[in-house]
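A.B. asks: One structure, pasted below without further comment.
Just so it is clear, none of the values below were taken in a lab; they were calculated from the coordinates. Treat the numbers as computed from the prediction; the structure is a model and nothing was measured. FYI the Cβ positions are ideal-geometry reconstructions off the backbone, even for glycines, and counts take in every protein chain you see.
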Amino acid sequence: MNPPRPTHLAQVILRDAIEEGDTVIDATAGNGHDTVFLAGCVGEKGRVLAFDPQEKAIRSARSRVDAAGLGCRVDFYQTSHSRMAEHAEAGSISTVMFNLGYLPGDDHAMTTESQETLLALAATQGLLKSGGVLSVVCYPGHPAGAVEAAAVEAWLSSRAAYGWRTAKYGMLGTLQPAPYLLLARKA
Ligand SMILES: C[S@@+](CC[C@H](N)C(=O)[O-])C[C@H]1O[C@@H](n2cnc3c(N)ncnc32)[C@H](O)[C@@H]1O
């Protein structure tokens, strides 16, 4: 067995953390793979709030969710994740999932950016319940991604002072810096 990719590992870990009826956030809807995963986890009474500023991504994610028969569990917002606090109540969210970078096979310029990502992470502090979980898949293999990954890692590390438990999972010994998963549990 090969070590799982960070995107897969995030789902394996979050599957146990999310309960039926939870409200959760997909902070980077993209092609909707994580949105479908989250919609399956929250069950009929739960909700997924899914964010992406790209119309193309929202269309793609919505069609994947609809094809899975889970459309009634998901609210899509074609806007930046930095605005997530406008759409959810403080302390109401059990899980927030980020998969940074760009839409696979699309314009690489439409990528997540450090400044917006840090604003969104700051918003998760107020939205997450106590014990809520935050996952972030980072892509340090290109210069902007490396800057963003370092900023996210520093922010998450600083949460330890507030009682959050944080961890980092990734491949060792790769030629290029490999994608990795950051995970945190709010105090
Ligand atoms: C790697 S893809 C996400 C893949 C997705 N989780 C999936 O399962 O298919 C990253 C996405 O982040 C989106 N993105 C870029 N800036 C964003 C922002 N400020 N807020 C929310 N999403 C953003 C991009 O448009 C892209 O669709």
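A.B. asks: Suppose every K and R has +1 on its Cβ and every D and E has -1 on its Cβ; what is the size of the dipole of the range 106-187 about the Cα centre, in Debye to the nearest 20?
C.D. replies: That gives the range 106-187 a dipole magnitude of about 640 debye.
A.B. asks: Please sort 121-131, 155-165, 136-146, 107-117 by packing, taking for each peptide the average over its residues of neighbouring beta carbons within 10 angstrom, highest first.
C.D. replies: 136-146, 121-131, 107-117, 155-165
A.B. asks: On to the next question. What is the mean projected area of the alpha carbon convex hull for the range 63-137, to one decimal in square nanometres? Present the calculation step by step, with values, prior to reporting the outcome.
C.D. replies: Working: hull surface 23.7 nm².
Hull-based average projected area comes out at 5.9 nm².
A.B. asks: Still on this structure, I have one more. Pairs of Cα atoms under 8 Å, at least six residues apart: use those to get the relative contact order of the chain, whole percent.
C.D. replies: 20
A.B. asks: Would you calculate the separation in nanometres between label points at ASP16 and ARG165, each defined as 7 Å from the Cα along the Cα-to-beta-carbon direction?
C.D. replies: Label at ASP16, label at ARG165, 1.1 nm between them.
A.B. asks: Right, another one. Report the dimensions of the range 17-185 along its three principal axes from the alpha-carbon atoms, largest first, rounded to Å.
C.D. replies: 41, 39, 28
A.B. asks: Quick one: dipole size for the range 17-185, taken about the Cα centre, charges +1 on Lys/Arg Cβ and -1 on Asp/Glu Cβ, in debye to the nearest 20.
C.D. replies: For the range 17-185, the charge dipole is close to 340 debye.
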